[in-house]
Amino acid sequence: MMCIKPQGKLCRSIWKGLVLGTLLTSFLILLYSYTMPPLTLSSTGNPVFDCFSSSIQESSNPAKNSSLLFTQSCRPRQNLMFLKTHKTGSSTILNILFRYGQKHHLRFAFPRGRNDFEYPSYFQRSQVEGYRPDICYNIICNHMRYQHSEIRPLLPQDAVFVTVLRDPALLFESSFQYFARVVPLTWTIPGSGSKQKMDTFLQSPLSYYDSSGYNAHYLHNLMMFDLGYDNELDAKNPKVKLILKELDERFHLVMLMEYFDESLLLLKDLLCWEMEDVFYFKLNARKNTYGSRLGPEMHLMAQNWNALDTLIYNHFNSTFWKKVEEYGVERMKQDVLHLQRKNELLIQECIAGGGPVDANKIKESGLQPWQPIGENVILGYNLKKNISKQHRQLCRNMLTPEIQYMSQLGADLWLTQLWASIRAFFKW
């Protein structure tokens with residue numbers, strides 16, 4: 001790629017950094033492979049158990065499974081596949097799952113050496129740390145490109161399958177802003193900032209978009225891509241209806257970011273968990289994004305550009321409210337208020353200053369969130385002093401970002417930590 005003004009300096013700097021980073025990473029990986037012993041199982045796991053011994057046989061239709069889970073005598077479900085999609089509030093959900101798994105000593109299937117399953121490649125069982133064919137897991141929840149045939153054998157037959165979606169226009173806006181620096185096709189788009197570049201792109205996306213471009217999937221039907229399907233498929237293709245049917249058959253619950261509290265309550269009910277299991281603080285929030293900057297016209301353009309994601313979202317928006325009706329509309333209203341009150345009390349108990357702060361104001365490195373390349377825009381929290389003994393550990397756990405929490409749970413994140421060291425050295 002040619003580096004032309006005014007992006008020339010930025011482009012040359014990025015390419016120089018990528019080359020140096022690649023060489024250094026390759027050398028250290030080679031060094032690591034010669035000096036480190038073979039990977040062992042994560043310390044978070046229970047003794048190995050049989051994935052095929054289950055009191056509930058898997059139905060070919062999770063809608064039936066879902067009904068069965070709701071109507072049985074309510075005992076907590078501890079086997080879960082959560083597909084962590086991008087820019088959908090999934091980091092907050094991950095914290096909930098980490099806390100629950102830690103509390104009940106469950107076995108997580110963690111990625112080998114990093115915090116994602118070699119995304120954007122399709123998920124493979126061999127990517128799981130310590131994988132062997134006879135090992136079964138309770139929870140799989142890190143970023144991946146979904147591949148059902150590889151995931152299904154890792155979980156017991158009564159496992160619950162869950163994911164979360166977001167309004168496609170808002171998802172595109174967030175993804176464009178967050179990933180722009182690692183999507184080269186955005187570098188030459190005219191505009192002085194991400195908002196101007198995004199507006200220019202949406203007015204004529206085919207003038208700038210190249211599906212074969214590096215990381216291009218972040219800017220086109222990202223949910224379709226994460227779910228494991230072709231994100232370049234024509235929205236009018238008959239295959240789309242088959243995809244929606246297949247997703248219905250695979251996932252017991254599809255949550256919606258726009259109705260986050262309602263989603264968590266449906267999850268709690270599905271899994272027969274307690275209200276305290278789904279308390280949360282909003283994690284991985286971006287600075288200055290308290291509301292969309294997309295006007296009505298641009299919002300529609302973003303939906304049209306992401307037509308596949310729009311079809312998926314509209315489909316599961318419909319099924320979501322059917323589940324709310326089954327839950328009970330009035331009951332849902334009361335439980336949402338109850339959850340919000342409890343969260344607010346925990347904010348007062350746990351968080352210094354009562355809210356998020358810029359990354360450079362976070363006092364503990366263990367509470368520092370991961371930042372996108374070249375920016376310092378993800379907010380975090382400071383832990384309040386003199387927290388009651390009852391809530392001290394809960395407060396810390398609820399504020400701990402993904403990378404640090406995975407390390408606490410025994411995940412081997414040597415490659416992620418190596419990359420963090422390289423970024424710190426080059427000040428990326």
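The values are calculated or read from the model by the stated rules, or taken from the named source; none is laboratory data. Keep in mind that what you see is a predicted model, and the values were worked out from it rather than measured. Positions of Cβ are backbone-derived with ideal geometry, glycine not excepted, and every protein chain shown enters the neighbour counts. Just the protein is used for accessible areas: all its heavy atoms, side chains included, with ligands, DNA and RNA removed. Shrake-Rupley method; radii C 1.70, N 1.55, O 1.52, S 1.80 Å.
The portion of the accessible surface of region 276-428 made up by carbon and sulfur, rounded to a whole percent, is 53 (1.4 Å probe; DNA, RNA and ligands excluded).
Cα centroids of region 89-106 and region 225-291: 16 Å apart. For region 132-248, carbon and sulfur atoms together expose 52% of the accessible surface, with a 1.4 angstrom probe and every protein chain in place.
Ranked by the mean number of other Cβ atoms within 10 Å of their residues, highest first, the peptides 231-242, 157-168 come out as 157-168, 231-242.
The accessible-area ordering, largest first, of the residues VAL329, VAL254 stands as VAL329, VAL254, per a 1.4 angstrom probe.
Normalise the Debye intensity by I(0) for region 315-415, one equal point scatterer per Cα, no solvent, then take log10 at q = 0.22 Å⁻¹ and round to two decimals. Log10 of I(q)/I(0), two decimals: -1.06. Dipole orientation for region 194-312: of the candidates MET275, SER204, ALA307, SER204 has the Cα lying most toward the positive pole (charges on Cβ; Lys, Arg +1; Asp, Glu -1).
Express the relative contact order of region 127-199 as a whole percentage, based on alpha carbon pairs under 8 Å and six or more residues apart in sequence.
Values: 26 pairs, mean separation 15.0, N = 73.
Relative contact order, region 127-199: 21 percent.
Taking only the C-alpha atoms of region 65-221, Rg followed by Dmax gives 18.8, 59 Å. Among 178-185, 317-324, sorting by the average number of other beta carbon atoms lying within 10 angstrom of each residue, highest first, gives 178-185, 317-324.
With respect to the cross-link table entries LYS84/LYS342; LYS197/LYS342; LYS241/LYS342; LYS87/LYS245; LYS239/LYS333, which display a Cα-Cα separation exceeding 32 Å?
On the way: LYS84/LYS342 25 Å; LYS197/LYS342 41 Å; LYS241/LYS342 41 Å; LYS87/LYS245 24 Å; LYS239/LYS333 37 Å.
Violating the 32 Å limit, Cα to Cα: LYS197/LYS342; LYS241/LYS342; LYS239/LYS333.
In the context of the full set of protein chains, region 124-248 has a per residue accessible area of 37 Å² (1.4 Å probe).
Rounded to whole Å and sorted largest first, what semi-axes of the equivalent ellipsoid does the C-alpha gyration tensor of region 372-428 yield via the square root of 5 times each eigenvalue? Walk me through the numbers on the way to the answer.
Working: eigenvalues 147, 51, 12 Å².
That gives 27, 16, 8 Å for the three semi-axes.
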